[in-house]
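Notes to accompany the following structure.
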2 protein chains.
Amino acid sequence: MYTIGEISRRTGVKVPTIRYYEQMGLMAAAERTPGGQRRYCREGLDQLGFIKHARDLGLSIEAIRDLIRLNAHPDTPCDEADRIAAEHLVSVRNRIEQLKRLEAELQRISTQCKAGTVKDCYVIRALADHSLCENEH
Amino acid sequence: MYTIGEISRRTGVKVPTIRYYEQMGLMAAAERTPGGQRRYCREGLDQLGFIKHARDLGLSIEAIRDLIRLNAHPDTPCDEADRIAAEHLVSVRNRIEQLKRLEAELQRISTQCKAGTVKDCYVIRALADHSLCENEH
DNA sequence: CCATAACTCTATAGTCACTATAGATATAGA
DNA sequence: TCTATATCTATAGTGACTATAGAGTTATGG
C-alpha cells in the first residue's frame with residue numbers, strides 16, 4: 001500500500017492534484033486508514049499513470065474521463081477512443097499552425113526594431129497598427 | 001463618440017471583455033453619459049486595437065500592461081519593449097517544439113490502432129504504458 | 001510510552017483571461 | 001410615449017490546477 005505522497009513521487013503528479021483528480025471522478029476513491037488517510041494499491045498507481053500520461057499529451061479531464069469509462073468495458077468497440085485521440089491530434093495540429101504564424105509575426109516585429117526609444121520602437125508601432133502585419137492572426 | 005458596443009464591433013473584442021480590460025487597468029476609464037454609459041473617442045478605439053493585437057499575438061495581460069506603460073513615455077529607451085517581445089518569441093517557440101513532440105506521439109498512437117475493441121486498443125494501451133512511447137513528453 | 005517530525009486531512013480561496021447570468025437602467029427611433 | 005435594443009453592476013462559473021490555514025495522523029528515535 002502506498003501513501004498519497006508515495007504515488008505522487010512515483011508518478012510526478014502533485015499531492016493536491018491527485019486529490020483533485022479524485023474529486024473530479026478520474027481516480028477511484030482510495031481506501032482509507034482508520035485515521036482517514038488515503039492508501040493506494042498497484043491499481044491506483046497505474047490509474048494515476050494513465051491520467052498523467054494522457055494529461056501530458058494534452059488531453060482534457062473530460063476526454064480522459066471518457067477514456068477511463070471506455071477502458072472499463074474492454075469488449076466494446078474502440079472507435080470512440082480512436083476518435084478522441086484523432087480529434088485531439090487535429091486540435092494540436094491547428095494550434096501548431098497558429099503558433100507558427102505568431103512566431104513569424106513576432107520575429108518580424110522583434111528583429112525590425114533598431115530604434116533606441118519607445119517613440120520609434122517597431123514593437124510598439126506594430127502593435128498599435130495592424131496594417132504593419134504581414135499575415136492574419 | 002462610440003458606445004461600448006460600437007468599439008466592440010469595430011475591434012472584435014466582446015463587450016464584457018472591454019469592461020474587464022478597464023477593470024484590469026489596460027483600458028483607461030471611459031467617459032460616461034449622464035446616464036452612466038461608457039462613451040469612447042478615437043483614442044479609446046486605438047488603445048483597444050493595441051490590446052487586441054497584443055492578445056492575438058499571445059502576450060499576457062501583464063506584459064501588455066508593461067507595454068502600455070512604456071508607450072506612455074515615448075522618449076525612454078525601448079529595450080524593455082524589445083525584451084518583452086523577444087521573451088515571448090522564445091516561449092512561443094518552446095511551445096511549438098513541445099506541441100510537435102505531442103503531435104508525433106499522438107499520430108503514432110492514432111494510426112497504430114487497428115483493433116476493434118477497447119481491450120486491444122492501441123490508444124488506450126499506449127496511455128496506460130509509457131514505455132510504448134518513442135520520446136519524452 | 002511519548003515526543004517529535006513529517007505527513008496528511010478538509011475546506012476555502014486564488015490563478016488567468018475571460019464568459020455568462022440576473023436584474024436594473026438608459027438610449028434611440030417610430 | 002412606447003418599445004426594442006443596448007448598457008449598467010455585481011456575482012458566479014470555466015479549466016486545471018495551486019496555495020493556504022488549521023487540525024489531525026503516522027512513523028521513528030529515545
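Per-residue Cβ counts within 10 Å, from other chains only, averaged over B:64-71: what number is that?
Mean partner-chain Cβ count within 10 Å for B:64-71: 3.
Could you pull out the longest piece of chain A with no exposed loop GluC sites (Glu not before Pro) in it, calling a site exposed if DSSP puts it outside H, G, I, E, B and it has at most 11 other Cβ atoms within 10 Å?
The answer is A:1-133.
Quote the accessible area belonging to residue A:27 in square angstrom, nearest 10, computed with a 1.4 Å probe and with ligands, DNA and RNA left uncounted.
Roll a 1.4 Å probe over it and residue A:27 shows about 10 Å².
Enter the mean projected area of the convex hull around the alpha-carbon atoms of the range B:54-102, in nm², rounded to one decimal.
3.6 nm²
Can you sort A:69, A:125 by solvent-accessible area, 1.4 Å probe, largest first?
Accessible-area ranking of A:69, A:125, largest first: A:69, A:125.
Cα centroids of the range A:27-44 and the range B:47-95: how far apart, whole angstrom?
When both Cα centres are located, 47 Å separates them.
I'd like the Kirkwood hydrodynamic radius of the protein assembly as shown, using the inverse of the mean 1/r over distinct C-alpha pairs, in Å.
One over the average 1/r among Cα pairs gives 22.3 Å for the protein assembly as shown.
Once Rh for the range A:77-137 is found with the Kirkwood sum over Cα pairs, what is the Stokes-Einstein diffusion coefficient at 20 °C and 1.002 mPa s, in µm²/s?
Stokes-Einstein gives a translational diffusion coefficient of 152 µm²/s.
Evaluate the distance, in nm, between pseudo-label points positioned 7 Å from the Cα of residue A:9 and of residue A:46 along their respective Cα→Cβ axes.
2.3 nm
What is the calculated FRET efficiency for residue A:132 to residue B:95, with r their C-beta to C-beta distance and R₀ = 22 Å, to the nearest 0.05?
0.35
Which Cβ of chain A lies nearest the axis of the rotation superposing A onto B, and at what whole-Å distance?
Nearest-to-axis residue on chain A, with distance in whole Å, is A:96, 3.
Using a label point 7 Å beyond Cα on the Cα-Cβ vector, give me the inter-copy distances for residue B:117 in nanometres, one decimal, shortest first.
7.7
In whole percent, and with a 1.4 Å probe on the protein chains, what portion of the accessible area of the range A:1-76 is carbon and sulfur?
49 percent
What three numbers, in Å, describe the spread of the alpha carbons of the range B:2-76 along their principal axes, ordered from the longest?
39, 25, 19
How far is residue A:72 from itself in the other copies, in nm, if each label sits 7 Å out from Cα along the Cα-Cβ line, shortest first?
Computed spacing set for this position: 5.5 nm.
With the cut-off at 1.5 for a/c, could you classify the range B:37-121 from its C-alpha gyration tensor as rounded, prolate or oblate?
oblate
Lysines within cross-link reach of residue A:14: Cα-Cα under 30 Å, excluding same-chain residues under 8 positions apart?
Partners found: A:52, B:100, B:119.
Would you kindly work out, in nm and rounded to one decimal, the distances from the label point of residue A:10 to those of the same position in each other copy, ordered shortest first, with label points 7 Å along Cα-to-Cβ?
Distances between equivalent label points, in nm: 6.2.
Pick out which of A:49, A:116, A:12 has the largest mean-square fluctuation in a Gaussian network model of chain A, springs linking Cα atoms closer than 10 Å.
A:116
The values are calculated or read from the model by the stated rules, or taken from the named source; none is laboratory data. Everything numeric in this text was worked out from a predicted model, so none of it was measured. In this analysis, Cβ positions are derived from the backbone assuming ideal geometry, glycine residues included, and neighbour counts consider all displayed protein chains. Heads up: the accessible areas ignore ligands, DNA and RNA and are worked out on the full protein's heavy atoms, side chains in. Shrake-Rupley method; radii C 1.70, N 1.55, O 1.52, S 1.80 Å.
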